[in-house]
Amino acid sequence: MNNTQLKSPPPAFAEAKNPRQKARAAGMDPNRWYVVEYDNAIKAGEVKEVTFWKTSIALYRGEDGQLAAMRNICPHRQLKLTHGAVDKCNLRCAYHGWSFSREGKLEDYSHDSFGKPLIKRQVQTYPVQVRYGLIWLFPGDPELAGEFQIPEIPELTCADPWANFVADLTWGTHHSMVMDNICDFSHAFLHRKYKPFTDAKLTHHEADENKVYLTYDTFMAGGRISGIFVDRNRVNTRHIELCYEYPYQWTNTGDSIKNWSFMLPIDEKTTRVFFLFYFDALTIPFISMKTPKWLTQLVLNIAKPLVFKPILMEDGIALEAEMEAYQNYWDEPPIELNPVVPMFQRLTARKWEDYLNRKAPTVAALAD
Ligand code: FES
Ligand SMILES: [Fe+2]
């Protein structure tokens with residue numbers, strides 16, 4: 001056999017043969033709310049490109065402070081509108097200066113003396129809202145936006161919200177690999193330096209059409225730095241609940257340390273993940289006193305670059321290596337020891353299939 005022969009790429013969704021191949025080719029249902037950016041990353045008068053599953057979106061904040069999002073293509077010569085600039089509450093294209101309102105309507109083409117452009121089609125817009133300091137966007141059918149909710153996090157919306165932070169990473173990997181990673185605690189070896197979890201034993205798992213719920217008995221936060229701040233008398237750090245609640249993921253350790261992971265699928269090989277962590281309190285080392293909120297927040301702010309980010313970067317290295325390997329070995333039989341992993345893959349694939357089926361006009365409908 002010729003060694004220089006190129007290996008065929010992984011199969012497309014329709015050709016995929018097993019749950020792993022299906023999941024690795026699946027997108028995420030655009031008819032959900034997705035985190036696309038931090039609220040404070042876009043100032044009034046700024047525009048930024050964000051991408052949801054190969055669709056480029058111009059996200060901008062008008063001078064009145066309101067956010068808006070529209071398809072990032074000028075209907076005139078298809079330039080990205082993000083090459084342009086915010087003008088009051090509109091977005092103006094860089095090339096001929098056409099200006100679009102936040103409803104996607106062409107409002108001004110006065111820079112052109114060649115007459116009125118004959119366009120019927122407006123620029124597609126997307127609903128956006130801000131929760132938990134994050135910008136959420138609904139990339140699907142705007143009419144359905146009201147049917148789906150952003151996850152409720154009462155610990156952050158109550159009168160005395162928990163200390164929290166968000167870490168985000170963009171990885172060269174498929175979103176389904178991220179889900180396998182963040183729910184599967186068999187990879188303690190990768191984190192042997194920081195020991196966020198050790199000796200995990202899957203104790204329960206169940207699935208329905210929208211989620212996979214599981215629990216592990218495991219020793220949480222065993223690292224040298226993180227371990228000293230966790231109050232093991234108050235918080236059960238030997239047990240964790242996790243849930244892939246499509247399309248999000250959450251964890252709960254002893255009702256005191258919680259986390260949501262919000263994925264932004266960019267394309268088959270790129271995923272941005274926003275990890276939102278929140279803690280009710282930590283313990284002051286050696287005197288075993290519950291930390292006041294300001295101190296909890298301070299410790300978290302210090303721990304984010306020292307502990308959390310390095311752990312997540314270890315995951316990123318493994319996931320990018322897995323993605324690279326998958327390009328060559330996608331047809332190897334999957335060897336999976338953790339029974340929940342194929343369950344995540346099946347949920348991802350089924351939701352994508354449901355979306356495609358809803359989207360595609362049926363043969364019967366076409367015949368009508
Ligand atoms: S390409 Fe946008 S106004 Fe001409
Ligand atoms: Fe990990």
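Using 29 Å as the Cα-Cα cut-off, could you pick out the over-long pairs in Lys22/Lys304; Lys43/Lys105; Lys7/Lys304?
Over 29 Å Cα-Cα: Lys22/Lys304; Lys7/Lys304.
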Margin query: Run the reach check for Lys201 against lysines, Cα to Cα strictly under 21 Å, same-chain hits fewer than 8 apart removed. What comes back?
Written below: Lys193, Lys211, Lys258
Notebook entry, point to check: Where Rh is the Kirkwood radius over the Cα pairs of the stretch 1-98, the temperature 37 °C and the viscosity 0.692 mPa s, what D in µm²/s does Stokes-Einstein return?
Noted result: 202 µm²/s
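Return the Rg/Rh value of the stretch 154-352, two decimal places, where both radii are evaluated on C-alpha atoms and Rh is the Kirkwood radius.
Rg/Rh for the stretch 154-352 comes to 0.97.
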Next item on the list: At q = 0.14, 0.18, 0.21 Å⁻¹, what is the base-10 log of I(q)/I(0) for the stretch 34-147 according to the Debye formula with one equal point scatterer per Cα and no solvent? Please give it to two decimals.
Entry: -0.53, -0.86, -1.13
Checklist line | Relative contact order, percent, the chain [alpha-carbon distance under 8 Å, six or more residues apart] | finding: 19 percent
Check: When the Cα centres of the stretch 42-102 and the stretch 293-316 are compared, how far apart do they sit, in Å?
Finding: 34 Å
Item checked: Per residue accessible area in Å² of the chain, where ligands, DNA and RNA are left out and the probe is 1.4 Å -> 51 Å²
Checklist line | Sites matching chymotrypsin sites (Phe, Trp or Tyr not before Pro) across the stretch 267-338 that sit in DSSP coil, with at most 14 neighbouring C-beta atoms within 10 Å | finding: Phe286
Item checked: Computed [θ] at 222 nm, deg cm²/dmol, the chain (DSSP H ≥ 4; -39,500 (n - 2.57); rounded to nearest 500) -> -6500 deg cm²/dmol
Checklist line | In the stretch 72-142, trypsin sites (Lys or Arg not before Pro) in a DSSP loop with at most 10 other beta-carbon atoms within 10 Å | finding: Arg77, Lys120, Arg121
Checklist line | Length released on extending from Asp255 to Gln129, taking residue separation times 0.36 nm less the Cα-Cα span | finding: 42.6 nm
Checklist line | Cα-based convex hull volume of the chain per residue, rounded to whole Å³ | finding: 189 Å³
Next item on the list: Please give the residues of the stretch 155-169, grouped as numeric ranges, whose backbone N is less than 18 Å from a label point set 7 Å along the Cα-to-Cβ vector of Trp294.
Entry: 160-164
Check: Which loop-located chymotrypsin sites (Phe, Trp or Tyr not before Pro) does the stretch 74-113 contain, where loop means any DSSP state but H, G, I, E or B and the Cβ has at most 16 other Cβ atoms within 10 Å?
Finding: Tyr95
Checklist line | Dipole moment magnitude, nearest 20 debye, the chain about Cα centre, only Lys, Arg, Asp, Glu C-beta charged | finding: 640 debye
Checklist line | Cα-centred dipole magnitude for the stretch 154-352, charges only on beta-carbon of K, R (+1) and D, E (-1), debye, nearest 20 | finding: 880 debye
Margin query: For the chain, give me every cysteine whose Cβ has no other Cys Cβ within less than 4.7 Å, ordered by residue number.
Written below: Cys89, Cys158, Cys183, Cys243
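State which entries of Lys48/Lys269; Lys17/Lys195; Lys54/Lys293 exceed 32 angstrom in Cα-Cα distance in the structure shown. List each step's numbers first, then the result.
Numbers: Lys48/Lys269 21 Å; Lys17/Lys195 36 Å; Lys54/Lys293 41 Å.
Where the Cα-Cα span goes over 32 Å, the pairs concerned are Lys17/Lys195; Lys54/Lys293.
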Check: Any idea what diffusion coefficient the stretch 112-206 gets from Stokes-Einstein, in µm²/s, Kirkwood Rh on alpha carbon pairs, 10 °C, 1.306 mPa s?
Finding: 84 µm²/s
Margin query: Ordering Glu15, Glu46 by accessible area with a probe of 1.4 Å, largest first, what comes out?
Written below: Glu15, Glu46
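The values are calculated or read from the model by the stated rules, or taken from the named source; none is laboratory data. Only a predicted model underlies this, so the values are computations on that prediction, with no experimental measurement involved. Here the Cβ is made from the backbone with ideal geometry for all residues, glycine too, and neighbour counts use every protein chain on show. Quick note on the areas: whole protein, heavy atoms, side chains included, nothing else; ligands and nucleic acids left out. Shrake-Rupley method; radii C 1.70, N 1.55, O 1.52, S 1.80 Å.
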